[in-house]
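Read-outs: derived from the displayed coordinates by stated rules, not from any lab. As the structure is a prediction and not an experimental result, all values here were calculated from the model. Methodologically, a virtual Cβ is constructed for each residue, glycine included, from the backbone with ideal geometry; neighbour enumeration extends over all protein chains shown.
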Amino acid sequence: MLYALRHPVALLGLAVGFLLGVAVRGLVQARLAARLGDRSALAQGQGRFDLRRELDPFGAVAAALGGVGWGRPVERPSYVRKDTRGRLLAVLLAGPAALAVLGGLLLAASAAVGGPALAGTGIVSVTVADTVHGSYVAPTPGQTLLLFASVELLTMAVLALIPMPPLDGGRILFLYAPRTRGWQKAEYHLVEQNIGTVILLALLLIPLAGQGPLLLFLLDVILRPVLSLASL
């Protein structure tokens, strides 16, 4: 987000999208977990639209420096049985799904406010990297705010599904991984020693071969068909 300092409205849109995404994801996951019989997240203060409970320090750093981040992982039972894995899977998928729906609605709103979001800007298509780095703005402040907030939410939704702790996709990976010694050691290093977080930060921040960060490139490939709607 710090790349967008030269465009205050774009920066505001990214910040609003990130904070809204963190709060909505935590709320949806904690409430669904409670409905399915696990109230551990609610007991820890999650699920109350409270950013103090939902912000993850590393995820906030990733958002500030790389443009996209993640929220605090939802509390999970100390022991997950085979017959309860489906419930936890539903909880983990509910967060990214909520972000995708909310991001899609804001993207549609950005196009509805005065017409196509990028009309007259000379931009052929919206890209993830250019948006989260604040490289351009839409014709009006309202469109800019909605466009950047929507892209932030959609990017967070896809990022959350990448199979790397502490993301939801990483938790899904180890939820169904075999409980062999090798997998247990991998989980320990990636989760307990925050190696997964280090890898994510590196993939978000370090350019490769003179290009942008690899993770932003992959996110752009996935989201380009959706984001192209904003430039029609």
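Once the Cβ-Cβ distance between Leu36 and Val101 is put in as r, and R0 is 25 Å, what FRET efficiency do you end up with, to the nearest 0.05?
Plugging the Cβ-Cβ distance into 1/(1 + (r/R0)^6) gives 0.80.
For every helix of n ≥ 4 consecutive DSSP H residues, a contribution of -39,500 (n - 2.57) applies; sum these over the chain, divide by its total residues, and give [θ] at 222 nm rounded to the nearest 500 deg cm²/dmol.
Theoretical 222 nm ellipticity from helices: -19000 deg cm²/dmol.
If you line up the long axis of helix 8-35 against the longest principal axis of the chain, both from Cα atoms, how many degrees apart are they, to the nearest 10?
Relative to the chain, helix 8-35 is tipped by roughly 30 degrees.
Could you tell me which of Leu99, Pro141, Leu153 has its Cα farthest along the dipole of the chain towards the positive end, charges placed at Cβ (Lys, Arg +1; Asp, Glu -1), taken about the Cα centre?
Most positive-ward Cα: Leu99.
On a 0 to 90 degree scale, rounded to 10, what angle separates helix 85-112 from the longest Cα axis of the chain?
The angle comes out at about 10 degrees.
In which sequence would Met164, Met1 go, from the one with the fewest C-beta neighbours within 10 Å to the one with the most?
The most exposed by this proxy come first: Met164, Met1.
So, R0 is 41 Å and r is the distance between the beta-carbons of Trp183 and Leu2; what FRET efficiency does that work out to, to 0.05?
The formula returns an efficiency of 0.65 here.
Any idea how far the Cα center of the range 1-80 sits from the one of the range 133-174, in Å?
12
Give, in whole angstrom and from largest to smallest, the semi-axes √(5λ) of the equivalent ellipsoid of the chain, with λ running over the eigenvalues of the Cα gyration tensor.
32, 20, 15
Among Glu187, Glu152, which comes first, then next, by fewest other beta-carbon atoms within 10 Å?
In order of increasing Cβ crowding within 10 Å: Glu187, Glu152.
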